[in-house]
Amino acid sequence: MEHLFRLKQRKTNIKTEIAAGFATYCSMIYIVSVIVSMMTSTGMQEAAAFSSVLLASGIGCIIMGLLANYPVALAPSLGVTALFSTTICGRMGYSWQAGLCAVFFAGILFLILAVTGVRKSILTSIPAHLKYAISGGTGCFLTFIGLKNSAIIISNSQTLVTLGKIYDPEVFVTLFGIIVLLLLSIRQKKFPILKGMAATIVVGLIMGFFSRSEGLPRFSSELSFFPEQVTTFGAFTRGFSELFSSINVIIIFISILFVDFFDTTGALIAVISRSKLPTVNGEPENINRALISDALGSIVGAVLGAPSVSSYIESEAGIATGGRTGLTAITAGILFLLSVFLYPIFGLITDCVTSPILIFVGSTMVQQFAKIDWKDHVEGISGFATVIMMILTYSIADGIAFGFIIYGLTALFSGRYKEVTPLMWGMIGTFCIYFLMI
């Protein structure tokens, strides 16, 4: 154990690491229901999606712990799942099998980029303000999904969208959940999302006694402590011909890579800076192994039937408890695997329970906007184009594409074209070709 995790060197012990893993698990378990609710919108069976998400999370955490020795937990990325469900399998019309096939090959590509070091070149070629715009824009997009799923915002033939009926039971429960999350967050309580989700479920169950609305949490009459067979295992192989039958495959790969890049890199940088991990030549020790672990987790997740896994900022809960090694991640991973037997409990978590979480998480992601110089025409206009087109096209991929193109145009028109790297011009050209051919 000492040789594998170097507990004494990092001034920790087995008991502390296990406690830290439990803290990380508690802070992240909410994500399972949020991810599953988005996956089922593509036609996946809920039980199968539930199993695949937990298995992918568990295996991803264990890979990270063993390979990189990082106290960082993995789970399917919110950003990639939103891209998978609303854009690839939604607006683009692909089946969920084809979507998983895209995730699988993007994972392989991500692994190659991580091993060869090309990943660093791509990240450094993208201006910082576009990275912030993509992250913050994804937060706005997740918030919009939460408002839409909860029926706080509904479609309207005249104005496209409008305010829903606040007195509907599902809307009432969602609003209650938002208020509780705000209260817990502002008062800096531990595990605000987990506690807020529990309180929302309780209120939803009470509302269920007075309403027959199908969207409210209810105990199933057929309780099974193990979900049905994982029908998503290997399903990505059935989407190969569909995925590669169109030029869209290029934009799909690029979009998955970008969103996964920013999710993983941002979370790793934030977590590592707080964990005081050893450094080598100024960089965190085993950082490439951490990126490789993330890529391997994505590949395994796609095989099991889940979108790309990513490092989660909630890992800070374990670090605050004292976690310093991969044993923390492995503990969280084992707990994720054991949670497969908790399916009846997760069945209580409906859209009106997950929507407040999407809205709350989205509101925290927009903090990235503060890092953009909005007075700068190049940064402000291209950043705004990225965000607004994500929301109005209901597509993270199209938002990224528009943002890149507008960045190239504003840099060109302002005489700052030399700031744009050759690799960036290549990506801008690719997006232009994509729009001309769809």
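The values are calculated or read from the model by the stated rules, or taken from the named source; none is laboratory data. Everything quoted here is computed from the prediction, not taken from an experiment. Cβ placement follows ideal geometry from the backbone for every residue including glycine, while neighbour counts extend to all protein chains displayed. Just so you know, the surface numbers come from the protein's heavy atoms only, side chains and all, with ligands and any DNA or RNA stripped out. Shrake-Rupley method; radii C 1.70, N 1.55, O 1.52, S 1.80 Å.
A compact table of results
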read-out	value
Equivalent ellipsoid semi-axes - Cα gyration tensor, the stretch 54-125, angstrom	24, 18, 11
Contour minus Cα-Cα distance for S125 and R212 (0.36 nm per residue)	25.9 nm
Flagged links, alpha-carbon separation over 29 Å, of K371/K418; K15/K189; K131/K418; K131/K195; K190/K371	K131/K195
Amide H contacts under 5 Å for S310, placed H, 5+ residues apart	A75, S77
Whole-number accessible area per residue in Å² for the stretch 26-145, which is evaluated in the context of all protein chains at 1.4 Å	23
Helix-only [θ]222 nm of the chain, DSSP H runs n ≥ 4, -39500 (n - 2.57) each, per residue, nearest 500	-20500 deg cm²/dmol
Span per principal axis, largest first, for the Cα atoms of the chain (Å)	65, 63, 47
The chain: DSSP helices with Cα axial extent of at least 27 Å and average Kyte-Doolittle hydropathy no lower than 1.0	46-67, 96-116, 248-275
Ordering of 27-35, 68-76 by packing [mean C-beta count within 10 Å, highest first]	68-76, 27-35
Of L111, Y132, I381, farthest towards positive along the dipole that unit charges on Lys, Arg, Asp, Glu beta carbons give the chain	Y132
Accessible carbon and sulfur surface of the stretch 24-126 relative to its total accessible area, %, 1.4 Å	65
Between the stretch 163-208 and the stretch 298-318, the Cα center-to-center distance that results, in Å	26
The stretch 86-148-the stretch 343-386 distance, computed between alpha-carbon centres (Å)	15
Trypsin sites (Lys or Arg not before Pro) lying in DSSP loop within the stretch 330-435, provided at most 15 other Cβ fall within 10 Å	K375, R416
Inverse mean reciprocal Cα-Cα distance (Kirkwood Rh) of the stretch 2-131, Å	17.1
Whole-angstrom Cα spans of the stretch 293-368 along principal axes, big to small	35, 33, 25
Ranked by how many other beta carbons lie within 10 Å on average, peptides 203-216, 136-149 from highest	136-149, 203-216
At 0.692 mPa s and 37 °C, Stokes D of the stretch 1-71 from Kirkwood alpha-carbon radius, µm² per second	235
Selected from S213, A19, A199, residue furthest toward positive end of dipole (the chain; charges at beta carbon)	A19
Packing-based ranking, highest mean first, of 234-242, 304-312 given that Cβ atoms within 10 Å are counted	304-312, 234-242
